[in-house]
Each structure stands twice: as C-alpha cells, then as structure tokens.
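Accompanying notes for the structure given below.
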Amino acid sequence: MSRRSLLRVLGGGAAVGTAVGALAGCGVPAAYIGPGERAASDRSRRDRTLTFANWPLYIDTDDHDKTERPSLDAFEKRTGIDVRYTEEINDNDEFFGKISPSLMNHQETGRDLIVISDWMCARFVRLGWVQEMDRARQPNVTTYLDPLLRSPHFDPGRKYTVPWQSGITGIAYNKRKVGREIKQVSDLWADDLKGRVTLLSGLDEAFALLLQGDGVDIRKWSADDFHRMCDKVEKMVDSHHIRRFTGNDYIKDLSSGDVLACQAYSGDVIQLQADDPDIEFVVPEEGAELWAESLMVPNLARHKQNAERLIDHYYDPEVAAELAAWVNYVCPVPAARDVLASSKDKELAALAEDPLIFPDDAMRERLVIARDITSKERTEFAKRWNALAGL
C-alpha cells in the first residue's frame, strides 16, 4: 500500500477523532493532554535503544541486502543506539486509530518516533499527544531545515514536528498526447480532456490545489472558498469531465493513456518519467501545495533524547542526500543538493538538478503550505467532499 493512497477522511481514524471531540460533553475527561503530563522518565542514557515507526519503502536500503539500511546503520554504529525500525504505517487514519486509545488514556504507545502526514500531525499537536523537541540537541535541524517548511500553520516554529520528507501536489500529464503545455489548474477543464482527467480522492490531498486554481490563498482559505470550489468540481463530475477520483492508482491510468492529465505527487512522477519521458509534472502558475510527512515523539516515549539524536542525524546534509537519492521526494534539507552535485556518480549528480527533489527558485516561489482543516470544519467538509468523490 502506498504511503499516500487510500486515505479516507471519514474512515476508522476519523471516527475515533469525532469520538474524541465528543468526550468532554459526556462527562468523560477530555482527550487533550496538557504540557505537564506528556513526558515520561527518559531512559535514553542507560537504555541505548529506540523504536521508530515509519511507512513502507521510505528509507534507503542496500542494493544487495534489503534488510540493511545504510543511513540508519551508520547512526547505530556512530552512537551505539540500537534502532528498532518498523514499517507499520500504511495509512494515516488507520495508524491514528491504532495508537489513539493509548494516547487518549495517557498510556505509552511503545514507540519513540513516528512519521505521519502533516495534516494528521496537526491533529496530534492539537490534542497535545506529542512532545516538544529540544532543539539544543538538534543543531542540524536548526541550521539546515528548509525555510519553506519551518513554520506550518499547525506548528509554528516546528516545535513538535520535523519533516522526514516533503513533496508537491501538482498536475501530471502526457505532453505528447495532450499536444500542448498545461500551465494552470483551469487547463484541466479544457473540452478535449473531457473524461480523461482524474482528481485525488482524499480531501486533504486534493482541496488545496483546486482552491489555488480559483485564486485562493491556501494559507487563509475560508468555508465559502471551499464550497465554491466544490460547486465547480460537482459540475465537472455531473458532466463526466472528471473520469474518477483516485488514490495512487492514477499512476496506472496515466501510464496506460486512459488518463491524459491528473492531480499527482511529485515523487511518483519521477518514477514515471524513467519509463516515459513524455510524462510532465507541473507546478501551476497559480501555485501548488508543498506538504510534508513529519517525525514526532509521542507522549510518554521512553527514549526521547535518542529520538532527537536520530532526527538530527537525518538533517546532516550528507545523510539527507543519501536518503533523498533513494526515496526521490522533495528533500527538506536544501544543503543536500550540493552533496549530490559533487558526486562522481553521474546519476547521483543529476538528481541535484531535478526540481522535483530540489525545487529551483522559480518553483519555490509558487509553493505554499496550506492551513490545516480544523476539527470543527472537518466533519462538514469531509461530508461534502466524500459525496463528490464517491467515498
């Protein structure tokens, strides 16, 4: 299962979130955990271990032995900290449902470090389920974190989260088959693309780019903006202009030619271009959403200091370059570009010039982090969007 597929806003995880919001009105203690109750006794100095939960295929592995993870192995060798690495996160909502009972009831999760999408990180931060990091132990993060990612709406100053990898939600299309350049979101609605366009099915994945297509500043969009955008999408659904709503299966549709243009993730398109150079990825003139999947230390984690050291390890430009070369998402450490550019390996050096891994200045000017959907808004917006997307 791909990291960013099959997201269902009203699935099991969202149902748990709704229940959390209702607890306070039922005579049950609220699920919010105050700052003074988030930390446990840290065993890092005497217990040189760390449990790290991540998504599948989201870390570099050795070409000959997939059980070896060079960047992680280097950290263990340098620090003497044994990292128990698990690939257990397949879906944001599913993982929320998995660990929320422990966090809600002020119990340990058994994990010291987790990676989830920023829109879900926002929920954890609002509920007080993650610990503030000690930047004194993270000089690399302080120095090298991309300025574009430093202060999202839900976590100003990135006190509770640090991006693992980043990416762009934009437009992918087959330039040869379309016969012209696609430059704006409105180009998706051209008559000759009727029935050959797909949108992403997840609300959190789809809405920002569509709002930008309507000229909305996604850092401060309103409910009226959202519903106006949905009205437009509804007309395109009713007229069968939109072929369907997808998870990551848009990749197959675009590759086969069933779809000519679609909402897409930058990291996926790099892989598609290797097989078909006619596939283009566009950051529209109106802009595109820059998102991240971020590292967090959950409440009562027993190895917080070890977790903070591991995070800082991945912000060393040399290590960040190693990871970026393998995962091909937008690297949150711009200084890693120079590391790759100096490589004697031509393929590695070429990655430094790929704007989908290291966006150039012109592209960066059009990238924006959307404000998150608040818990109060989510039920209303998800109901409308899911009806459109057929979820």
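The values are calculated or read from the model by the stated rules, or taken from the named source; none is laboratory data. Everything quoted here is computed from the prediction, not taken from an experiment. Reconstructed Cβ throughout: ideal geometry from the backbone, glycine too, with neighbour counts over all protein chains shown. For accessibility, only protein heavy atoms count, side chains too; no ligands or nucleic acids. Shrake-Rupley method; radii C 1.70, N 1.55, O 1.52, S 1.80 Å.
Filtered by the rule that a residue be surrounded by 13 or more Cβ atoms within 10 Å (Cβ to Cβ), charged (D, E, K, R) and farther than 22 Å from Ile251 by Cβ, region 172-231 gives Lys183, Asp214, Asp217, Asp225, Arg228.
On the stretch given as region 76-107, residues that are within 30 Å of Gly202 (Cβ to Cβ), open to solvent by 10 Å² or more (accessible area, probe 1.4 Å) and of a type in the set (Asp, Glu) total 4. In contact with a strand residue (DSSP E or B) (Cβ under 6 Å, 6 or more places away or on another chain) and of a type in the set (Gly, Ala, Ser): does that describe Ser102? When the stated conditions are applied, Ser102 does not pass them.
Here is a yes/no grid of residues against (1) over 30 Å from Gly213 (Cβ atoms); (2) of a type in the set (A, V, I, L, M):
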{"residue": "Asp268", "(1), (2)": "no, no"}
{"residue": "Asp278", "(1), (2)": "no, no"}
{"residue": "Val283", "(1), (2)": "no, yes"}
{"residue": "Gly287", "(1), (2)": "no, no"}
{"residue": "Asp312", "(1), (2)": "yes, no"}
{"residue": "Arg337", "(1), (2)": "no, no"}
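Here Lys159 meets the list (1) open to solvent by 40 Å² or more (accessible area, probe 1.4 Å); (2) part of a helix (DSSP H, G or I); (3) within 30 Å of Asp42 (Cβ to Cβ) almost entirely, failing just condition (2). When region 312-356 is filtered for residues that are open to solvent by 10 Å² or more (accessible area, probe 1.4 Å), within 20 Å of the chain's Cα centre (by Cα) and free of Cβ contacts under 8 Å to residues at least 60 places away in the same chain, only Pro355 remains. Checked against the criterion of being within 16 Å of Thr246 (Cβ to Cβ) and in contact (Cβ under 8 Å) with a residue 60 or more places away in the chain, the candidates Asp146, Asp204 yield just one match: Asp204. When you look at Leu57, is it farther than 18 Å from Leu103 by Cβ, under 27 Å from the mean Cα position of the chain (by Cα) and assigned to a loop (DSSP other than H, G, I, E, B), yes or no? Yes; evaluated as a whole, the condition is true for this residue. Residues of region 48-75 that are open to solvent by 50 Å² or more (accessible area, probe 1.4 Å) and over 24 Å from Ser166 (Cα atoms): Arg48, His64, Asp65, Thr67. Inspect all residues belonging to region 371-385 and state whether any of them is of a type in the set (Lys, Arg) and in a loop (DSSP other than H, G, I, E, B). Yes - at least one qualifying residue is present in region 371-385.
Listed by first and then second residue, the pairs with beta-carbon distance under 7 Å, at least 6 apart or on different chains, first residue in region 92-115 and part of a helix (DSSP H, G or I), second open to solvent by 60 Å² or more (accessible area, probe 1.4 Å) and among the basic types (Lys, Arg), are Asp93/Arg8.
Considering region 240-281, the residues that are outside any helix (DSSP H, G or I) and in contact with a Phe, Trp or Tyr (Cβ under 7 Å, 6 or more places away or on another chain) include one that is most open to solvent (accessible area, probe 1.4 Å), namely Glu280.
Can you say whether Arg309 is touching a residue at least 60 places away in the same chain (Cβ under 8 Å), assigned to a loop (DSSP other than H, G, I, E, B) and closer than 26 Å to Phe124 by Cβ, as far as the supplied structure shows? Answer is no for this residue.
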